[in-house]
Amino acid sequence: MVDVLAVLSEAFPDVQPRVLHEMARLVQVQDYPPAELICKEGAFEDVFYLIVSGEVAISKHFDGSDERILRTSGPGDFFGEMALIQDEPRSANVRTTRDTTVLAFDRKVFEQLLASSPSLAWRMVRTTFDRLRSNDQTALDDLRAAYLTLTKLDQAKLDFIEIAAHELRTPLTVVQGYTDVLGKHPAVRADPELAELIEGILRGSARLHEVVDGMLDISKLDTDTLQVSFVPVPLPMLFSELQSNFAGVLGQRRLTLEIRQLGEVPYIAGDPVLLRKAFYQLVINAIKYTPDGGAITISYWLTDVEAMGPAVAIVIEDTGIGIDPEYQQVIFEKFYQIGTVALHSSGKTSFKGGGPGLGLALVKGIIEAHGGLVWVESKGHDEETLPGSAFKVLLPVGTPEA
Ligand code: CMP
């Protein structure tokens, strides 16, 4: 038999005995076996509980993770106040760990209790606040731990990339060297079929070389050892070189690449080799994600940007499949590729051809190493209506230091 009045008096010494007497009539004594769920996280329930005997465990899901036990509570502790005070669903699960007896207050009785004693009301609000803060802290700790794990994983991937690139480079150079020599052999020269095979091997290893170089660049970007040598760079020349570079594939895929210089554009201070790599990547992406028959445009003009000064704005626009807003930031992260890697075709310039997922990270690294900015704008991804994408680059005219 529970002495309800005694339990209430002990738990709420700040409430007048007269009120407690009345409460004692209104609350319900409830007994629960072990492992019984009394409060369900996310549910709209409006009962407040005071533990008479036994024990409950309070647990919660953090960011889709498994359920985590926050703490256990015993006789004299209360729970279920947060949903009532905040008028929100239950913030956690409350489950008995053994035979437990509680006093249950429905919303009206709970409100009456709070109204009877400002100091109790204040204590409840403070408890709710402390519990909220403690739950937020747990969520933050979880996030911090996950972030640390991710950073370590990222570093491990980068280390692997760097080692793999170095390991691949030597045998690749050997293959290229021998193939070159083979190509010059009289027997090969005399046989066009053999010469074509050799040509194929050389093309393949050149492509592999590009991938390996990209891998090395990425690992350098991350360790800030990428050397940027600033010299005057004429953008019109850089873009028209790219245009002739891609003439073959543009023809095969019936794509147009138009270059529009809008007004006078001065030389910019930059690293021509790195800038070429960045714009090469942006154009190759436009080619990859635009179906045959589409149009790619590079427009550029002189502008003035706060915190950058005189700058050149460059927009690489296509009439391709576009990019969902939710991916528009992550595509610039290392190793990120939209969709399943296994579904990508592997051609460098074929429609939706894959790659190692390093291209845009490299673009971002190179542009930022020049003190510039790069981002993408697209209405979304749609392979039917082809909303297209516009990659926008701002490059300061002078060196970042200047
Ligand atoms: P409520 O959100 O109504 O239902 C679940 C209850 O678990 C909640 O009220 C509090 O009583 C309790 N609770 C939630 N988080 C904590 C915590 N960090 N410490 C103690 N109790 C908590």
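The values are calculated or read from the model by the stated rules, or taken from the named source; none is laboratory data. It should be emphasised that the depicted structure is a prediction, and the values quoted were computed from it without experimental measurement. Neighbour counts run over all protein chains shown; Cβ positions are idealised from the backbone, glycine included.
See the values below:
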item	result
Flag if THR179 is within 16 Å of the ligand (Cβ to nearest atom), among the hydroxyl-bearing types (Ser, Thr, Tyr) and surrounded by 11 or more Cβ atoms within 10 Å (Cβ to Cβ)	no
Qualifying helices (runs of 4 or more DSSP H) (wholly inside the stretch 185-270; at least 1 residues being more than 30 Å from GLU167 (Cβ to Cβ) and not assigned by TED's automatic domain parsing to the domain that holds VAL174)	235-245, 247-252
Selection count, the stretch 92-102, where residues are assigned to a loop (DSSP other than H, G, I, E, B) and surrounded by fewer than 20 Cβ atoms within 10 Å (Cβ to Cβ)	3
Residues of the stretch 24-57 classified as away from the ligand (no atom under 16 Å from the Cβ) and more than 16 Å from GLY76 (Cα to Cα), total	5
Near pairs, Cβ below 6 angstrom, 6+ apart or cross-chain, from the stretch 78-102 (closer than 19 Å to PHE62 by Cα and within 6 Å of the ligand (Cβ to nearest atom)) to any residue that is among the hydroxyl-bearing types (Ser, Thr, Tyr) and part of a loop (DSSP other than H, G, I, E, B)	MET82/SER91
So PHE129, is it over 27 Å from VAL19 (Cβ atoms) and surrounded by fewer than 19 Cβ atoms within 10 Å (Cβ to Cβ)	no
Subset of the stretch 103-130 [more than 11 Å from the ligand (Cβ to nearest atom), of a type in the set (A, V, I, L, M) and part of a helix (DSSP H, G or I)]	VAL109, LEU113, LEU114, ALA115, LEU120, ALA121, VAL125
Strands (runs of 3 or more DSSP E) enclosed by the stretch 21-91 - at least 3 residues per element that are buried (at least 17 other Cβ atoms within 10 Å of the Cβ) and at negative phi	47-53, 56-61
Per-region count, the stretch 60-77, residues in contact (Cβ under 8 Å) with a residue 12 or more places away in the chain, more than 9 Å from the ligand (Cβ to nearest atom) and within 31 Å of the chain's Cα centre (by Cα)	7
